Structures are given as structure tokens and as C-alpha cells.
Amino acid sequence: MARWLRPLVGALLLLEGAAALSFLHHRYEELVQALFRVQSQCPYVTRIYSIGRSVEGRHLYVLEFSDYPGIHEPLEPEFKYVGNMHGNEVLGRELLLQLSEFLCEEYRRGNERITRLIQDTRIHIMPSMNPDGYEVAAKQGPDGNGYLTGRNNANGVDLNRNFPDLNTLMYYSREISGPNHHIPLPDNWKSQVEPETLAVIQWISSYNFVLSANLHGGAVVANYPYDKSQDQRFRSHRRTVNTPTPDDKLFQKLAKTYSYAHSWMHRGWNCGDYFADGITNGASWYSLSKGMQDFNYLYTNCFEITLELSCNKFPPEEDLERQWMANREALVAFIEEVHQGIKGMVSDENNNGIAGAVISVQGISHDITSGDMGDYFRLLLPGTYTVTASAEGYQPLTVTTTVGPAAPSLVHFQLKQEVVRKPVERKASGTRMNNKALQKKVVPRATRRGTQR
């Protein structure tokens, strides 16, 4: 075949794969069938699992893509997409089904980019976090759907206002030089969250996710943390103020990756709103408390953004193909962003992995920790950094490393155990009191027999 024909043939194959997909709205049973159909077509690189059930008992299914499904491979990052958190915001749900079919189909075709992505990344796709709310919205349909119909779960709770409020704890902790990551949950947190929220919290506690996006509708913009303004803590009337994380520049880059790969998000003017570059800090748009993306950043190692993908929360079926073509490249490009910064192993002198080691970057007051196998992943922009690994019982180790614009730099840490120095024993002096005399001396007078208060 002539060399100039090969790119054209490749493009035609992608178009053929896109045309084979069904652009329909999927009710719960149809969604489940679609997921299992993908799993049956790509059985060696996919796995389906449920993280729990909704209020009405529907499974919260996740489709995993990996060359070793069900297994965490050391130094291979974990990525997740979550859709349909608000039941009536349905485009993300359909896009994630389309993405699942696309990844499977392109892997089977031998697409080098997709094959490499699946081999180097463990990808978790949850099309619907709120299947109960979706069923309420779907009964109304695209034409009769109210702006809030089906938004909440079956208990009438907005799931994106239902996570423990770690922002308030973080703002206070920052004032007293407290922890800046993995902020502990309140003692009674389980009694304050919905079943869907509980399932997600347990899920993200079980997997060492590195990067994530949750898909919404009603606007077209890539939104990054913090969502909650610090001013809100003081009951200020000023509720729209830029509230950056310590990783603000990185979050802006992640958001721009999606917006500029999207067909029109980056243009800024959408749905009657203007966002420069198609991105926004959440709190500078409007302050939101107890949201999922802030929770990811403050409680886990995961960097999450929120993708608002359509003006119409429940677009008609005839618009789904256009939306898929607008988002396809962006969905893939954002997954690839998990491969940047530094990663490596934290081990002891016998090469045993150290779980829970803290990775600190000088100048960025947000740490991450190593996973169960001792591997860690720290997303960073290109530059030179001073990085320290520390763990209880070990001497900290600091190195300087340079991060390039492409693949992550490998930075391993082998920590030495702390030397425990035994206290020096001194010989008893003849002038010292014996133990009985010493005990008698320190007994409080008020406790002695016969004494008065």
C-alpha cells in the first residue's frame, strides 16, 4: 500500500468504528446490557464490577479497561470517569458508554494509541452514579424534562452536595499548620451520606486513583477545584471568589487539555456564559459545598475536575452523535494526562514496598502518599522540583528531579530505618534517694493518710 494512503485508511477505519455505535438514550437495563456487551467483545482487557447499590437497589456498575483486569500493576496509574451524578444530566452517561465501545473497538482494530493507553493505564468508567434519578428524568424524556426533574437521588438528595465537608477542616487546618492531604473524616460521616455517596467514598478509598473527571450538563466548561470558597466559611456575601488549590496551575492545564481537545468548549462563549479558554475555578463561578471534586483532592491522591458538557441537560437522541464527535478526542486526551509528573517506588533497604509514605514537593503545600505496593504517582508540570519521601520509622530522603513535557520521570526512594538510640544508663549515686524515698517524696500531700484539705 502506498505510504500516503495509510493515514487516510486509518482515518476511514476510525470513522467506520464511530458509525457502528448506536446513538440512543439507555435506560438502566439497556445500560447494563451495553456494558456487558462491551465486556464480552473485549473479555481479556475488561472487567465489570459493582461498587454498591442505589437507594432503589440498582447496581453502580464500573467497566474497567486494563491489560490485566482486576489487578493493580505497580507503577501503572489508576484513572476514573464518573457520569450521571445528577440524574437528569444525561450526556455524560451516554458519552461514557460510547467511550467504552470505542476503546474496545479500537483495541480490537489494533489502534496503537488506544492499545498503549490500555496497556499503560488502568481505566475505570462508571456511566451512572445516580441510576434512580436518571429513571425519573427519562420518564419525562428530552422534551418534557424539567430543569430539576431527576437531578437528586431517590431520597431527594443532591449527591454533589453530599460528601463530607473537608474544605472547612482544611481551611482551619491550614491556619494551624495541620495536614494538607488525606484529611480525616468526621466520626459520624457515614450517617450523613447517601448510599451512592457512601459507595463512591469506599470505592475511591480502595483504589489509588491519580486522575479523574465527573461529567455533568447544563453548561459547557471544564471546572477545577476548589469548588468551595474560603470566604463562605465566614458567611461572607461574596460567594464568587477565585479559590485556588496549591496545584492551581496544574489544574488549569488539565482543564485546558479537555477544553482545547473539545470541538467548541475552548471558544469560551457557550450557553450564554463566557469562560476564558473554556475553563473556570469552581468557586469563582459559584461556591459549592460538599462537592465530589474537592473531596477527591482533600481525602485521596486523586486530582479530579468537573466537566460541564452541554447546554441541554437531556439532549435529544439526534444530537448525541454530534456531541460524541465533539468530545471523543477530549475524553481520550484527558486520560493520557495521567502520564505526567513523577512516579516511582518507595521501599525499604530490603526492597519491600512501603505503603502510606508521604511524598512532599517543595513549594507545593499538598502531599500525596504511596499505595499498598509502595508505588506513588505525583502529577506535576514540567520543571525542576525538590521532592521528599518520608514514612514513620524511616529516615526521610530528599532528591532533586526534572520533569519533562512528555512521560513521567521515574524517581525511586529507598528509605533507611531510623536508628533508635538507647538511653545511657547512669550508675546510682550514693547521694540519690532510693525508690521508696522518692515515691514518698512525690506523693501529693492531700492523698496521704490523716492529712487535711
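Name the pairs whose Cβ atoms lie under 6 Å apart, with the first residue in region 313-337 and in a helix (DSSP H, G or I), the second of a type in the set (Ser, Thr, Tyr), and 6 or more positions between them or separate chains?
Ala326/Ser263; Ala330/Tyr258; Ala333/Thr257; Phe334/Thr257; Phe334/Tyr258
Sort out which residues of region 158-188 are acidic (Asp, Glu) and either open to solvent by 50 Å² or more (accessible area, probe 1.4 Å) or free of Cβ contacts under 8 Å to residues at least 12 places away in the same chain (or both), and write them in order of number.
Glu175, Asp187, listed by residue number.
Those residues that are in a helix (DSSP H, G or I) and either closer than 10 Å to Gly217 by Cβ or more than 18 Å from the chain's Cα centre (by Cα) (or both), I need them from region 68-98; list them, please.
Leu91, Gly92, Arg93, Glu94, Leu95, Leu97, Gln98
One residue is enough: does region 317-327 have a residue meeting the conditions in contact with a strand residue (DSSP E or B) (Cβ under 7 Å, 6 or more places away or on another chain) and either closer than 23 Å to Ile125 by Cα or of a type in the set (Ser, Thr, Tyr) (or both)?
Checked against the condition, which is being in contact with a strand residue (DSSP E or B) (Cβ under 7 Å, 6 or more places away or on another chain) and either closer than 23 Å to Ile125 by Cα or of a type in the set (Ser, Thr, Tyr) (or both), region 317-327 yields at least one hit.
Just to check your reading of the model, which residue among Ser191, Ser205 is open to solvent by 10 Å² or more (accessible area, probe 1.4 Å), over 21 Å from Gly87 (Cα atoms), assigned to a helix (DSSP H, G or I) and free of Cβ contacts under 8 Å to residues at least 24 places away in the same chain?
Ser191
Looking at (1) among the polar types (S, T, N, Q); (2) surrounded by fewer than 24 Cβ atoms within 10 Å (Cβ to Cβ); (3) more than 21 Å from Val136 (Cα to Cα), which is the only condition Asn312 fails?
Among (1) among the polar types (S, T, N, Q); (2) surrounded by fewer than 24 Cβ atoms within 10 Å (Cβ to Cβ); (3) more than 21 Å from Val136 (Cα to Cα), Asn312 violates only (3).
Just the residues that are among the aliphatic types (A, V, I, L, M) and surrounded by fewer than 22 Cβ atoms within 10 Å (Cβ to Cβ), please, taken from region 355-378.
If the condition is that a residue be among the aliphatic types (A, V, I, L, M) and surrounded by fewer than 22 Cβ atoms within 10 Å (Cβ to Cβ), then Ala355, Val358, Val361, Ile364, Met373 are the ones that fit.
Being surrounded by 24 or more Cβ atoms within 10 Å (Cβ to Cβ), among the hydrophobic types (A, V, I, L, M, F, W, C) and modelled with pLDDT of 95 or more narrows it down to one of Leu97, Leu75, so name that one.
Checking each option against the conditions leaves just Leu97.
When you look at Tyr134, is it modelled with pLDDT of 95 or more and buried (at least 20 other Cβ atoms within 10 Å of the Cβ), yes or no?
So Tyr134 passes the test.
Just one of (1) charged (D, E, K, R); (2) farther than 26 Å from Gly353 by Cβ; (3) touching a strand residue (DSSP E or B) at 6+ places or on another chain (Cβ under 9 Å) trips up Glu112, so point out which.
Exception for Glu112: condition (3).
Table: residues versus (1) out of contact with any helix residue (DSSP H, G or I) (no Cβ under 7 Å at 6 or more places or on another chain); (2) under 21 Å from Leu159 (Cβ atoms); (3) in a loop (DSSP other than H, G, I, E, B).
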site	(1), (2), (3)
Ile201	yes, yes, no
Ala213	no, yes, no
Asn223	no, yes, no
Asp227	no, yes, yes
Lys253	yes, no, no
Thr257	no, no, no
Ser284	yes, no, no
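Out of all the residues in region 110-127, which are open to solvent by 10 Å² or more (accessible area, probe 1.4 Å) and of a type in the set (S, T, N, Q)?
Within region 110-127, Asn111, Thr115, Gln119 qualify.
I'm told Lys256 meets every condition in (1) surrounded by 20 or more Cβ atoms within 10 Å (Cβ to Cβ); (2) modelled with pLDDT of 95 or more except one. Can you identify the failing condition by its number?
Only one criterion is unmet by Lys256, namely (1).
Search region 31-66 for residues being touching a helix residue (DSSP H, G or I) at 6+ places or on another chain (Cβ under 9 Å), open to solvent by 70 Å² or more (accessible area, probe 1.4 Å) and part of a helix (DSSP H, G or I), and hand back the single one that is farthest from Asn152 (Cα to Cα).
The extreme case among them is Gln41.
The values are calculated or read from the model by the stated rules, or taken from the named source; none is laboratory data. None of these values were measured; they are calculated from a predicted model. Neighbour counts are summed over all protein chains in view; Cβ atoms, including those assigned to glycine, are modelled from backbone coordinates with ideal geometry. Calculation scope for accessible area: heavy atoms of the full protein, side chains included, ligands and nucleic acids excluded. Shrake-Rupley method; radii C 1.70, N 1.55, O 1.52, S 1.80 Å.
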